[in-house]
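Undergrad: Before I ask anything, let me first share the structure, which is written out below as structure tokens.
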Amino acid sequence: MPHQEQIEVIIEPEELIEHAGRQKEPIGDDASERLDVVLVKFRVVTRCPNYAYKKEDGVIRAPVPA
């Protein structure tokens with residue numbers, strides 16, 4: 001809904017001890033949209049970025065809220 005005000009919330013994953021000091025690279029995100037009606041305004045979008053560490057296997061991300 002491009003004509004409506006949107007509020008974007010970004011939830012970052014927790015930093016794990018084993019990754020301390022390492023550079024993470026964003027590789028995408030998972031997005032969910034929710035329609036809230038607040039005094040006749042619509043608000044949307046929660047993003048949970050996905051990251052990968054250079055020269056390591058696996059992806060880290062924050063859990064997507066219900």
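Every number here is computed from the coordinates shown, using simple stated rules; none is lab data. Computed from a prediction, not measured in an experiment: that's the story for all the values here. In this analysis, Cβ positions are derived from the backbone assuming ideal geometry, glycine residues included, and neighbour counts consider all displayed protein chains.
Undergrad: Just name one of A52, A20, L39: the one whose Cα is farthest towards the positive end of the charge dipole of the range 9-61 (beta-carbon charges, Lys/Arg +1, Asp/Glu -1).
TA: The one lying farthest along the dipole's positive direction is L39.
Undergrad: Follow-up question, since we're still on this one. All other residues with a Cβ under 14 Å from the Cβ of L16 taken together, and with Lys, Arg as +1 and Asp, Glu as -1, what is their net charge?
TA: -2
Undergrad: Output the direction-averaged projected area (hull surface divided by four) of the convex hull of the alpha-carbon atoms of the range 9-61, in nm².
TA: Convex hull of Cα atoms, orientation-averaged projection: 4.4 nm².
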